Structures are given as structure tokens and as C-alpha cells.
Amino acid sequence: MTIPESVAAAVQSDDRSTSNWLKFVIPSTLGAALFLMPVPGGDTWTIPFGVMVDWLNGNFGALLKWALVVVTMASAVLTLWYSYGPGKPSTPMMVQYFRTTAVWTGLRCLGAVFTILYTTGTGPEWIISGATGGTVVGALMTNLLALFALASFGLPLLSDYGFMEFVGALLSRTFHFLFRLPGRSAIDGLASWLGAAALGVMLTVQQYDKGVYTTREAAVVATNFSIVSIPFCYVIAKLVGLSDVFFAYYGCVLIIGFACALVLPRVPPLSRLPDDYKAGTTNHIDTTVREGETLVQAGTRLGLARARIAPNFPEFIKNGFDNLVFMWFSLVPATVAIAMIALVLVEYTPVFHWLSAPFVPILNWAGLAEAEAAAPSLVVGFADMYLPALIGKSIESQETRFLVAILSVSQLIYMSEVGAILLRSNLGLNIGQLAMIFVIRTIIATPIAIFLAHYVVF
């Protein structure tokens, strides 16, 4: 990862003042404790972030339900006003969040309609039933509002104050040896793991546009290391009733992600992408670890450099608010629409059952219980990452629900977010290549998840 000029200046000055050390250590420690530290949660173990999300849902569930109505309605109205009406955005944030394409405008409007019809109980059965609206609007999205509210202010503790750079430097040589990638890619990978998949993809695309990665390197990073973040994994685990084995579940996600990252760069379509930098850019030298430095020294140098330019408290609050606005008003309404459409197709049409029919005998052969109910989750994740979990949450078998939860976060190429960003990028990936990557990841993830569920977790 190329260090921005402002960070480079900090590195050169080697600012090791006490205040800078505190700015590096305190937020990073708080972030690590919030998202990575095991704490007792009832009869099992969870993370502090999960405890906070559960508390918010338990005490403010009714408020969150009506907040979802307000958010989706406001998103639809503001998007129509600023994208196709007379409204002129007064800030860059308004342009970024409320000026969009016709497709995304339509999805936001649909999300508002679905939310209002379900919440008021005035919609048709296929909208207000427990299997569709009850699952998406009544359960998933209100939970996501709480998660986004906390993650908007919690995740920057890991991503903005040096923790990501420190750990990324420690992993840099591993990334180069195992995945045929420059050391800086470890930091980009952590941006996804500790932040959000879309953040990691956008960061990687930006680095490619600056000449930091070749086409092959950028595509490998974006399609293998933009894994679903810890908070989202917690939501998936809770949705399918596996929060009591969250650490085992997330450990399996990392194992499968590692396996996919070993295989995919070495097979088509990624192996056939050119190792050329973008035309007109100046190739960057990987300076993650300098000559004569240990990994710890490099991580400390980069962590302190990042901390030196990290946001102060007022900027931290402002950035958190900006993150919240983006997540609530951009992601939530479109996710409602996509998830509702997919679940309606699953519940009221045979489309996904036809598409998944070839997988049923394979899952039966593998000894998976309720194979016919689980099979649609193997294909529906291409539309959105939440859909496999939404389909599988009513399955009785723990092992089968475990597989579904793994697929929700391991297939990675979902068109509602990551896939759409990749198609709009300059990497040259087309929808056929993304579909092939999705299929390969599914083929790798499915048998490993079944084995781990049967012989390790349960």
C-alpha cells in the first residue's frame, strides 16, 4: 500500500512523542477490545460489540422499527429530489449519497415502499408475511440499524489510528509468500476485515488507479481479501441462531477465506489477468517493510505515522456521523429492496429452486440434513450476502445452518455491493468473470464448511 504524502511526512519525521504514542495505542486497544476480545454473553462467549448491539435491540427495538421507516422514506425522497428533481446538493456528502443512477434510485424507492407496507400491515401477503417482510424488515434491517450506528463510531478505532497498519506490516511477508502479492496488500485486506468489504474494494481500486497494483494484483486483492467484516459476521451468526458458537464460526470463515485466497490467484480467470500497471501511472515501490527493519519496527513506524494524522475527537465524531449517514441512507434502503425481491422469488416462485436443483443430490451425498432447503443458499448469495442466511435461518439442522452462514460471508462476490463496485472499476472484470469467481469460491467453501461443521464445531 502506498503511503500518502501526509503519512510519508510523518514517517520521515519519525514522530515518537508521548502524545502520538497515546493516540496510536489507546484507540487501537479500545478497538481491538471492542471487536476481538471474548466476553461472556449468557451461556456462551461473544464480543463486546455484540453485547452492545443486543442491548440496543433489546431496549430500543420499537424505536428502531420506526426509525427504519423514517430512514427509507427520507432516502427515497432525498434521492429523487437531488437526482431527478430541482434539488441542488449543498455539500459533497449530499452529492455522494443522494445523487445516484436510476437503478439505485429505484431500489431505494422500493425499499421505502416495502418497509412502509410491512410496518403498517397494509401490503399484500407476499410482502407482509413472516417469511418475507417479517424476515427482512421486521428482523434483519432493524438489527442492521443498530449495528451500523455502533459500527460507524467503533470501526474507525481499528482503521484510523494505526492498528491496521501495524498488523498489516506483520502480515506483509506472509501475503507475498502465500498469495503472490506485494506486502502492502495485507493492509488493504485488513481494511476490509476490520472495516467493510466495500471499503476494502474501493481502497484497492483507488490503489490500482494510482499505479500501486497491477491489474492482476488488484483483482486478486479485491476478490479474495475484501471479506465481510467482524460486525457483519456477528449479524449473520445471530440471524441463523449460531451466536453461541460465534468464535468457532468466524474461525471457520478465516480458514475458508485462506483456502480460497491460496487457490483463486492460481486459476482462471484471475491467473490470466495481465500483470501490467494502469496506463499513465508511475509504478510504486513497496515500502511496507524497509531494508534492515523487522516486521515489528515497520508496523510501529507505519502505525505511528497513521496516528499522527488520525482524526482528533471532533473529527472522529464527524467522520462517524458521515459513516452513519452513508450506511443508513445508502445501504439500508437498497438492501431492503434486494433482499425482499429475492425472498419473494424464493417463497412464491420456483426460480431459485430450479437454479439450485443440481446441488441437492450433491448435498445429500455429503450427508447434509435438509439439503433441499439449503440448496438455494448456494446460488442466491450472488445477489446479496444476507440472502443465504435469510433463507437458511428456519432450517432446523445446526450443521446445515452453519453451512449457510459460512456461505453468506465466504462467497464474497455479491452484486448488490462488491460486484457492482468491481464492475464500475477500471479493472476490466466483467460479470461472467465475477460469476466464475463466485462459483469457484462456493465450490471451495462448501465441502470445507461441511467438514468443519460435522467434525470440529458440532
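Tabulated data for the structure shown
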read-out	value
Residue check, Ile391 surrounded by 22 or more Cβ atoms within 10 Å (Cβ to Cβ), assigned by TED's automatic domain parsing to the domain that holds Thr214, touching a residue at least 40 places away in the same chain (Cβ under 8 Å) and more than 24 Å from Phe258 (Cβ to Cβ)	yes
Subset of the range 202-225 that is more than 17 Å from Pro265 (Cβ to Cβ) and within 17 Å of the chain's Cα centre (by Cα) - its residue that is surrounded by the fewest Cβ atoms within 10 Å (Cβ to Cβ)	Met202
Filter result for Asp244 (in contact with a helix residue (DSSP H, G or I) (Cβ under 6 Å, 6 or more places away or on another chain), in contact (Cβ under 8 Å) with a residue 40 or more places away in the chain and acidic (Asp, Glu))	no
Residue within the range 404-416 that is of a type in the set (A, V, I, L, M), at pLDDT below 90, in the same structural domain as Val267 (by TED's automatic domain parsing) and in contact with an Asp or Glu (Cβ under 7 Å, 6 or more places away or on another chain) present	no
Residue check, Thr335 crowded, with 17+ Cβ neighbours inside 10 Å, among the polar types (S, T, N, Q) and not assigned by TED's automatic domain parsing to the domain that holds Ala139	no
Among (1) over 18 Å from Leu158 (Cβ atoms); (2) at pLDDT below 85, the one test that Leu36 misses	(1)
Positions within the range 52-99 being free of Cβ contacts under 8 Å to residues at least 40 places away in the same chain and either in contact with a Lys or Arg (Cβ under 6 Å, 6 or more places away or on another chain) or not assigned by TED's automatic domain parsing to the domain that holds Asn323 (or both), in sequence order	Thr79, Tyr82, Ser83
Matching helices (runs of 4 or more DSSP H) fully within the range 91-178 where at least 1 residues are within 25 Å of Gly241 (Cβ to Cβ) and either modelled with pLDDT of 85 or more or among the acidic types (Asp, Glu) (or both)	102-120, 125-128, 142-154
Ala198 being at pLDDT below 90, in a helix (DSSP H, G or I), crowded, with 22+ Cβ neighbours inside 10 Å and assigned by TED's automatic domain parsing to the domain that holds Pro447	no
Failed item in (1) surrounded by fewer than 22 Cβ atoms within 10 Å (Cβ to Cβ); (2) under 24 Å from Thr335 (Cα atoms), with Ala371 passing the rest	(2)
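One line per residue, one yes/no per condition, for (1) aliphatic (A, V, I, L, M); (2) under 30 Å from Arg290 (Cβ atoms); (3) surrounded by fewer than 18 Cβ atoms within 10 Å (Cβ to Cβ); (4) assigned by TED's automatic domain parsing to the domain that holds Phe329:
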| site | (1), (2), (3), (4) |
| --- | --- |
| Ala102 | yes, no, yes, yes |
| Leu110 | yes, no, no, yes |
| Leu117 | yes, no, yes, yes |
| Trp126 | no, no, yes, yes |
| Ser129 | no, no, yes, yes |
| Ala139 | yes, no, yes, yes |
| Leu147 | yes, no, no, yes |
| Gly162 | no, yes, no, no |
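The values are calculated or read from the model by the stated rules, or taken from the named source; none is laboratory data. What you are looking at is a predicted structure, and each value in this text was computed from that prediction instead of being measured. Because the Cβ atoms are built from the backbone with ideal geometry, glycine has one as well, and the counts that use them run over all protein chains shown.
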